[in-house]
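As structure tokens, the structure follows; a few thoughts come after it.
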Amino acid sequence: MGKPTGFLEFEREVPVKIPVQERIKNFHEFVGRYSDVELNHQSARCMDCGVPFCQSGCPLGNIIPEFNDAIYRKSWKEAYEILSSTNNFPEFTGRICPAPCEHACVLGLTQPPVAIEEIEKHVIEIAFDKGYVQPKKINIRTGKKIAIIGSGPAGLAAAAQLNYAGHSVTVFERDDAPGGLLRYGIPDFKLEKHFIDRRLKLMEEEGIIFKCNANVGVNISADEIINNYDAVVLAGGSTVPRDLSIEGRNLKGVHFAMEFLKQQNKFGAGKNPFDNKNIESNIYEEPISAEGKHVIVIGGGDTGSDCIGTSKRQGALSITQIELLPQPPTSRTHHMPWPTYPMLLKTTSSHEEGSDRKWAIATKEFMHNEQGKLCSLEVVNLEWKIATDGRAAGFEEVKGTERILKCNLVLLAMGFTNPQFKGMLNDLNVDLDERKNIKADNKTYQTNQSKIFAAGDMRRGQSLVVWAIVEGRECAKSVNEFLNNQD
């Protein structure tokens, strides 16, 4: 390693954040950059540990010790080449990945782990600053045409890899711009959209074609795709949100989280979210705003956290986040040994900005005032039974804990159940699994239709961006083998 004793000399540090009262005034990113000296020290903390469990913890298998060593030596181009050999989009994962690699870091057994995610972000940003990131020249074209349906991280990764293999790739996106949930799900304060546009420009220069406002099964027939392309990759994501069927669900003021987040991202991009030119179903009737409201977010995951940060910036009077499950522990238990990914209490930057978090709470009824408008939510405490493996295994309501929480905006952030069937999937006649995701082989990613493959959340269910990139890369490998075998 660059400095074998670095982990003994330097403590973990993360870049300085803009103070809360300043950053909530806008939707810009607020995490700074390391100085050259700070970056050198943080990369020096990577131990000569022998077996780098961080690499097995990373779904992409990023070669972490090697790029840390290159950074320590200030060999920036080498660090970029090592990182980009396994990860198509470090600028995304370096900002929004939960960093399972850090939970598997050997140093993390006795000290705070190496700041791998921040270092990864710095590698790619330095590479862009120094001009190392250039469009790759594709010397030989195979003559094969591939359609990628969906431009989220899985679709983009598959498109990039197949294009590098010499195939002609067209990406179809039903919205008005590529990126999927990277663009219209993740708030700008976590991922500013010019980073997406920068990457898309490179991909276009490499020969990939993007067709937006192209909703296969709606304004483009599935037969047209099947007949005109040698292979098809379905990467449309898991987009049907989990609902909450209780009394008052249809009251004005109860919305799915993604409606709220997408609308804000559209406004942030200077676009009209009520414009139906994107050929999507019109899920918006009017603006959804947290300004001057008491907001309740139902769901304790990252999407719920994004709703908190967005509501804060819109000017909510109060924000309460409630979660059905009990509060996770703050440190590993014997049920989650190192180096497995632990289910621990997570405090995000949005939580730091201010919200009231409540655990083991069930929602009973959305309530309205005399004018018929949402005014409160009835909830009750839960007592959970814990199984021998440490998992929550059933609950009972605690009698006498029923109470009313004031609210006039509720955001449902309880995850997604499956992809949308109406239109494309029904027309393509692809089989579904028991969870109603696309049924595709775990090794080949091939569906029951020989030329149709599936990757990302549409195949594996709701998951992380880093897993979507893995799926896109592995699916591309199988598509390439399928096309080569045809010849």
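Here are some notes:
- Rg(Cα) / (2.2 N^0.38 Å) computed for the range 243-414, rounded to two decimals: 1.13
- For the range 6-129, relative contact order (Cα pairs under 8 Å, six or more residues apart, normalised by length) works out to 28 percent.
- Checked against a 31 Å cut-off, the cross-linked pairs Lys74/Lys312; Lys293/Lys364; Lys137/Lys262; Lys266/Lys443 give Cα-Cα distances beyond that limit for Lys74/Lys312; Lys137/Lys262; Lys266/Lys443.
- Over the range 6-129, the Kirkwood radius and the radius of gyration, each from Cα atoms, give a ratio Rg/Rh of 0.96.
- Stretch gain in nm, segment Lys436-Arg249, where the contour uses 0.36 nm per residue and the Cα spacing is subtracted: 64.9 nm
- When only Cα pairs below 8 angstrom with a gap of at least 6 residues are kept, the chain shows a relative contact order of 17 percent.
- Enclosed volume per residue, in Å³, of the convex hull spanned by Cα atoms of the range 350-487: 194
- Taking a ≥ b ≥ c as the square roots of the eigenvalues of the Cα gyration tensor, the range 82-210 is prolate, since a/c reaches 1.5 or more and a/b is larger than b/c.
- Length-normalised contact order for the range 402-487 - Cα pairs under 8 Å, 6+ apart - percent: 21
- Cα→Cβ-extended label distance, 7 Å offset, between Gln486 and Glu286, nm: 5.2
- Aspartates and glutamates with Cα under 20 Å of Lys3, excluding same-chain neighbours fewer than 8 positions away: Glu11, Glu13, Asp36, Glu38, Asp48, Glu66, Asp69, Glu78, Glu102, Glu117, Glu118, Glu120
- Using the rule -39500 (n - 2.57) for each DSSP H run of four or more residues, divided by the residues of the chain, the 222 nm mean residue ellipticity is -9000 deg cm²/dmol.
- Among the listed pairs Lys399/Lys422; Lys17/Lys252; Lys193/Lys422, those beyond 32 Å (Cα-Cα): Lys399/Lys422; Lys17/Lys252
- Farthest toward the positive end of the dipole of the chain, out of Gly400, Leu483, Val133, is the Cα of Val133, where the dipole comes from beta carbon charges about the Cα centre.
- Nearest-0.05 FRET efficiency for Asn227 and Lys17, computed from C-beta distance (R0 56 Å): 0.60
- Farthest toward the positive end of the dipole of the chain, out of Pro337, Gly150, Val465, is the Cα of Gly150, where the dipole comes from beta carbon charges about the Cα centre.
- Farthest toward the positive end of the dipole of the chain, out of Gly207, Ala360, Pro419, is the Cα of Gly207, where the dipole comes from beta carbon charges about the Cα centre.
- One entry in (1) 26.0, 92; (2) 23.3, 72; (3) 25.5, 87 is Rg and Dmax of the Cα atoms in Å calculated from the shown coordinates; its label is (2).
- Residues Tyr341, Tyr34 in ascending order of nearby Cβ atoms (within 10 Å, fewest first): Tyr341, Tyr34.
- Reachable aspartates and glutamates, given that their alpha-carbon falls under 12 Å from the alpha-carbon of Lys25 and they are not under 8 places away in the same chain: Glu353
- Distance in nm between pseudo-label sites at Val398 and Val240 (7 Å out along the Cβ direction from Cα): 3.5
- The loop-placed trypsin sites (Lys or Arg not before Pro) in the range 132-192, going by DSSP, that have at most 15 neighbouring Cβ atoms within 10 Å of their Cβ come out as Lys136, Lys137, Arg141.
- Candidate aspartates and glutamates - alpha carbon under 18 Å from Lys373, same-chain residues fewer than 8 apart omitted: Glu247, Glu285, Glu286, Glu291, Glu365
None of the figures in this text is laboratory data; all of them are computed from the coordinates on show. Owing to the predicted nature of the structure, the values given are computational and were not obtained by experimental measurement. No Cβ is skipped: glycine too gets one built from the backbone with ideal geometry, and neighbour counts run over all protein chains shown.
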